[in-house]
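See structure below.
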Amino acid sequence: MFKKYRFGWKDKDGHDRSVDFFVHSKSSRSGFMHRACVVGPLPRLDDMVNDWSQYRENENVLFGKRVTKVSYCNRTWESWPGQQCLSKLWERLCKLKFVDMGRIHEGDPFSEDKEPDHEDLREPDELFGGFSR
């Protein structure tokens, strides 16, 4: 399973922006895991340039805030695959003091029983598996 969720928002000048959330399922030694990440500009409370590099913290720390994973032993109690991982990522982003996630969506769109609109993507292993050196 590999999916993309796109959300739109407007910057301070009224320009349309979008941010993509990705979630992927992968086998692990103890079961399986979901990994999620967010790509694209996030709305800032201070309306500075929508670029994380403007925030004066260690870039590795900031990158770590844009990814998350959840491991499972044999099954999950989610309403739809990847829900818990994406919701965890959304909550992590909401806790950042310079980000205004409310401009993207009021409340956590991943906490609802109905899965948000998404695009199913080809698995990376399927996409790159046919290539050899």
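What number of residues in region 9-30 are part of a strand (DSSP E or B) and either over 20 Å from Asp120 (Cβ atoms) or more than 14 Å from the chain's Cα centre (by Cα) (or both)?
So in region 9-30, the residues part of a strand (DSSP E or B) come out as 9-10, 16-28.
After this cut, where a residue has to be either over 20 Å from Asp120 (Cβ atoms) or more than 14 Å from the chain's Cα centre (by Cα) (or both) as well, the list is 9-10, 16-17, 26-28.
So the answer is 7.
Among the residues of region 73-91, write down those that are under 10 Å from the mean Cα position of the chain (by Cα) and modelled with pLDDT under 90.
So the first thing to find is which residues in region 73-91 are under 10 Å from the mean Cα position of the chain (by Cα), and the list is 85-90.
Scanning region 73-91 gives no hits.
Taking the condition out of contact with any Ser or Thr (no Cβ under 7 Å at 6 or more places or on another chain), modelled with pLDDT of 90 or more and among the aliphatic types (A, V, I, L, M), does Val70 pass? Give the steps one after another, and end with the answer.
Numbers: out of contact with any Ser or Thr (no Cβ under 7 Å at 6 or more places or on another chain): yes; modelled with pLDDT of 90 or more: yes; among the aliphatic types (A, V, I, L, M): yes.
Yes, satisfied.
For the condition in contact with a strand residue (DSSP E or B) (Cβ under 6 Å, 6 or more places away or on another chain) and either exposed (fewer than 11 other Cβ atoms within 10 Å of the Cβ) or closer than 13 Å to Pro81 by Cβ (or both), what is the one hit in Val38, Val23?
Values: Val38 fails: either exposed (fewer than 11 other Cβ atoms within 10 Å of the Cβ) or closer than 13 Å to Pro81 by Cβ (or both).
The unique qualifying residue is Val23.
Identify all residues within region 70-109 that are outside any helix (DSSP H, G or I), closer than 21 Å to Trp9 by Cβ and touching a strand residue (DSSP E or B) at 6+ places or on another chain (Cβ under 8 Å); write none if there are none. Don't jump to the end; show me each part of the working.
The first filter runs over region 70-109 and keeps only residues outside any helix (DSSP H, G or I), leaving 70-82, 95-100, 104-109.
With closer than 21 Å to Trp9 by Cβ added as a condition, the list becomes 95-100, 104-109.
Answer for region 70-109, where residues must be outside any helix (DSSP H, G or I), closer than 21 Å to Trp9 by Cβ and touching a strand residue (DSSP E or B) at 6+ places or on another chain (Cβ under 8 Å): Phe98, Val99, Asp100, Ile104, His105, Pro109.
Would you call Gly107 exposed (fewer than 14 other Cβ atoms within 10 Å of the Cβ) and modelled with pLDDT of 90 or more?
Answer is yes for this residue.
The values are calculated or read from the model by the stated rules, or taken from the named source; none is laboratory data. Not measured: the values here are computed from a predicted model. Note that we place each Cβ from the backbone using ideal geometry, even for glycine, and neighbour counts take in every protein chain shown.
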